[in-house]
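**Q** Take this structure, written in structure tokens, and hold onto it; I'll ask about it next.
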Amino acid sequence: MENTAFEPIVEMKNVGLAYGDNPPVLKDIDFSFRRGSLHFLTGKSGAGKTSLLSMLYLAQRPTFGTLKVFGSNVAMTDREKMAFLRRRIGVVFQDFRLLEHLSVFDNVALPLRLKGMKEKEIRQRVIELLAWVDLSPNMYVKASEISGGEKQRVAIARAVINRPELLLADEPTGNVDNEIAYKLMKLFAELNRLGTTVVIATHSEELMQRYNYPRLKLENGHLEYIK
Ligand SMILES: Nc1ncnc2c1ncn2[C@@H]1O[C@H](COP(=O)(O)OP(=O)(O)O)[C@@H](O)[C@H]1O
Ligand SMILES: [Mg+2]
């Protein structure tokens with residue numbers, strides 16, 4: 001196996017992003033995420049948090065500059081390899097993107113089923129994680145029938161069930177009350193302790209002040225590091 005322990009998990013050099021012919025929303029971003037780090041990504045609504053994350057989860061390539069994820073330059077990576085890299089990344093989408101017609105259990109089990117894990121082990125892992133995010137009573141309810149805060153926790157459970165190397169969470173505490181937000185932060189911290197690199201987009205000052213993690217702030221398309 002190649003020795004990648006000291007290589008950043010994500011490396012951005014002069015990365016920029018423009019939608020169509022519009023002026024770029026992200027400019028000259030130079031930053032690397034070390035393996036095992038946890039960062040907040042902040043900035044006002046419209047600052048580009050979701051856009052930056054979408055490049056990191058390989059939904060779009062940078063318009064300018066160089067982005068390497070797990071050591072692969074995304075500009076030179078074909079679709080098949082991209083799909084393979086994507087499986088190592090857990091994403092909590094701001095708009096959840098659950099399969100609404102499936103139960104909570106089946107939504108969370110999906111990444112494990114795609115991997116071909118045995119149903120018995122799937123049950124064990126899904127049940128344990130759903131208990132952690134306080135969703136046991138909703139386990140067999142359809143995703144279309146639960147609240148926004150519950151959907152958010154399903155989205156988080158689905159993103160972490162596979163123990164991804166990189167977890168990208170887009171405003172993951174935006175729809176839950178403080179008590180649950182702190183519990184979710186505990187889950188992220190625990191995953192981070194076990195080795196997952198975590199990026200949490202948030203505009204909650206309260207959340208950032210409560211936890212002493214470094215912040216990356218987007219403003220006017222630029223990324224600023226704030227310890
Ligand atoms: N698919 C898109 N096409 C065109 N413009 C977009 C698209 N997605 C986002 N934008 C624009 O990019 C800017 C940054 O948006 P976004 O990344 O969603 O910011 P944030 O997540 O910080 O609120 C905004 O001006 C937004 O309107
Ligand atoms: Mg956003």
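The values are calculated or read from the model by the stated rules, or taken from the named source; none is laboratory data. Since we're looking at a predicted model, the values are computed, not measured. All Cβ positions, even for glycine, are placed from backbone atoms using ideal geometry, and neighbour counts span all protein chains on display. Quick note on the areas: whole protein, heavy atoms, side chains included, nothing else; ligands and nucleic acids left out. Shrake-Rupley method; radii C 1.70, N 1.55, O 1.52, S 1.80 Å.
**Q** Taking the 0 to 90 degree range and rounding to the nearest ten, how far is the long axis of helix 178-193 tilted relative to the main principal axis of the chain, both from C-alpha atoms?
**A** Computed tilt is about 70 degrees.
**Q** Starting from region 1-53, pick out the trypsin sites (Lys or Arg not before Pro) whose DSSP state is loop and whose Cβ has at most 11 other Cβ atoms within 10 Å.
**A** Listed in order of number, the matching sites are 44.
**Q** Considering the dipole of the chain built from charges on the beta carbon (Lys and Arg +1, Asp and Glu -1) around the Cα centre, which of 143, 176, 46 is farthest to its positive end?
**A** Going by the charge dipole, the pick is 143.
**Q** Students often forget the sequence filter, so: which lysines lie under 28 Å Cα-Cα from residue 118 once same-chain residues fewer than 8 apart are removed?
**A** Leaving aside lysines fewer than 8 places away in the same chain, those within reach of residue 118 are 81, 142, 151.
**Q** Using a simple spin-label model with points 7 Å from Cα along the Cα→Cβ vector, what separation in nm is obtained for residue 22 and residue 119?
**A** Output for this residue pair reads 4.6 nm.
**Q** Which one of 160, 91, 141 has the biggest mean-square fluctuation once the chain is modelled by GNM with Cα springs under 10 Å?
**A** Comparing 160, 91, 141 in a Gaussian network model of the chain, the most mobile one is 141.
**Q** Excluding same-chain residues fewer than 8 positions from residue 217, which aspartates and glutamates have a Cα within less than 18 Å of its Cα?
**A** Straight-line reach from residue 217, under 18 Å: 11, 28, 30, 170, 171, 205, 206.
**Q** Count the net charge of all other residues whose Cβ sits under 12 Å from the Cβ of residue 189, scoring Lys and Arg as +1 and Asp and Glu as -1.
**A** Net charge in that neighbourhood comes out at +3.
**Q** Express as a percent, rounded to the nearest 5, the fraction of DSSP beta bridges in the chain (both residues included) that run antiparallel.
**A** 55
**Q** Additional query: Please check: in the Gaussian network model of the chain (C-alpha springs, under 10 Å), which one of 131, 201, 109 has the largest mean-square fluctuation.
**A** 131
**Q** I'd like to know how region 98-150 sits against the 2.2 N^0.38 Å rule of thumb: what's its Cα Rg over that expected value?
**A** Against the compact-globule rule of thumb, the ratio is 1.08.
**Q** Also: What's the local net charge at residue 141, with K and R +1, D and E -1, over the other residues with C-beta under 14 Å away?
**A** Counting the neighbours of residue 141, the net charge comes to -2.
**Q** For a label point 7 Å from the Cα of residue 177 along Cα→C-beta, name the residues of region 127-170 whose backbone N is under 14 Å from it.
**A** Those under the cut-off are 149-150.
**Q** Enumerate the amide H contacts of residue 222 below 5 Å, restricted to partners 5 or more residues apart or on another chain; note that Pro and chain-start residues carry no placed amide H.
**A** Distant-sequence amide H within range of residue 222: 27.
**Q** Regarding region 96-214, what is the average projected area of its C-alpha convex hull, in nm²?
**A** The number I arrive at for region 96-214 is 7.2 nm².
**Q** Right, something else. With every protein chain left in place, what is the accessible area per residue of region 33-153 in square angstrom, probe 1.4 Å?
**A** Details: 6340 Å² over 121 residues.
Per residue, region 33-153 has 52 Å² of solvent-accessible surface.
**Q** Which of the chymotrypsin sites (Phe, Trp or Tyr not before Pro) across region 1-110 are loop residues per DSSP, with 16 or fewer other Cβ within 10 Å? Could you put the intermediate results ahead of the total?
**A** Values: sites: 6, 19, 31, 33, 40, 57, 64, 70, 84, 93, 96, 105; in loops: 6, 19, 57, 70, 93, 96.
In loop regions of region 1-110 (DSSP not H, G, I, E or B), the sparsely surrounded chymotrypsin sites (Phe, Trp or Tyr not before Pro) are 6, 19.
**Q** Taking the Cβ of residue 122 as the center, what net charge do the other residues with Cβ under 14 Å away carry, scoring Lys and Arg +1 and Asp and Glu -1?
**A** +4
**Q** Rounded to the nearest 0.05, what FRET efficiency is calculated for residue 97 and residue 193 with R0 set to 30 Å and r the Cβ-Cβ distance? Kindly include the intermediate steps, with their values, before the conclusion.
**A** Values: r = 27 Å, r/R0 = 0.90.
E between residue 97 and residue 193, to the nearest 0.05, is 0.65.
**Q** Run through all the Cα pairs of the chain and give the fraction in each 5 Å bin from 0, expressed as whole percent.
**A** Reading the bins upward from 0: 1, 7, 14, 18, 20, 16, 12, 8, 3, 0, 0.
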